[in-house]
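Beneath this line is the structure, given in structure tokens, with notes to follow.
Readers should treat all values here as calculations from the given coordinates under stated rules, not as data from a laboratory. Bear in mind that the values here come from a model prediction, so they are computed numbers and not experimental data. Here Cβ is always computed from backbone atoms with ideal geometry, including for glycine, and neighbour counts include all displayed protein chains.
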Amino acid sequence: MEPTTIMAAASVAQGVMGFKGNRAAARQAAAVGEYQAQVAENELILTQRARRNQEVSLRRNSERLKGSQRVATAASGIQMSGSPLEAMKDTYFNTEVDALRIQYAGSVEEANAASNAAMARMTGKAQASAYNMAALTSVVGATSAMANFRQQQTLLGQRTAAYDAQVGFQNRMLALEKSRYQKELSS
């Protein structure tokens, strides 16, 4: 097999392997992006559960505090009015403010987790696009190398033919000169 044919085959093989490798990397990048998005979405679910449990715990503790306040007020023998009622009201409103803070913090964390999931998907897609472009570049590069190889072969063939024609012409001219000298010598 000729070395030029081997070089052409190697160029095509390199292009095909580059294409396949980059396509596989593109699929892997998309899968990694999707996995990271799923992890972020799972964190979102866990955050929601934790905030819900935190709010339930806050309300449960608040109910215990209110119960203790009622028992203390009843044990003292006074009516639930005035300062004891104000203390109950403060407990209730403070609980609601704390619950709202928990809900707000939860919504901020949920928004962060949702945007992290979206960002992971977009990053995976962008990386996959880059690898797909590299795959196409591999094919274009191999095609270009093959075209260059063919062009070089054509040029070599043309140069060889021109050289052969020139050598043939020179040989004919030498043969004519030789025959002319031989005619001159024989005359």
>> Just to confirm the number: angle between the C-alpha axis of helix 83-186 and the first principal axis of the chain, 0 to 90 degrees, nearest 10?
In response: 0 degrees
> Gain in length, R64 to L100, computed as 0.36 nm per residue apart minus the alpha-carbon separation, to one decimal in nm?
Replying inline: 11.0 nm
>> Could you give me D for region 3-143, from Stokes-Einstein at 25 °C and 0.890 mPa s, where the hydrodynamic radius is the Kirkwood radius over C-alpha pairs? Units µm² s⁻¹, please.
In response: 121 µm²/s
> Where in region 18-48 does the label zone of E110 land, with the point 7 angstrom along Cα→C-beta and an amide N cut-off under 13 Å?
Replying inline: 44-48
>> Using the Cα centre of region 39-187 as the reference point, and only Cβ charges (+1 on K/R, -1 on D/E), how large is the resulting charge dipole? Debye, rounded to the nearest 20.
In response: 600 debye
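Using helices alone, what [θ] at 222 nm do you get for the chain, with -39,500 (n - 2.57) per DSSP H run of 4 or more residues, divided over all residues and rounded to the nearest 500? Write out the running numbers ahead of the final one.
Values: 2 runs with 178 residues, N = 187.
-36500 deg cm²/dmol, from helical runs alone.
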>> Students often forget the sequence filter, so: which aspartates and glutamates lie under 15 Å Cα-Cα from K125 once same-chain residues fewer than 8 apart are removed?
In response: E34
> How far is it, in nm, from the label point at M119 to the one at L46 when both lie 7 Å from their Cα along the line to the Cβ?
Replying inline: 1.8 nm
> So how far apart, in nm, are the two label points at A75 and S57 if each is 7 Å from Cα heading toward Cβ?
Replying inline: 2.7 nm
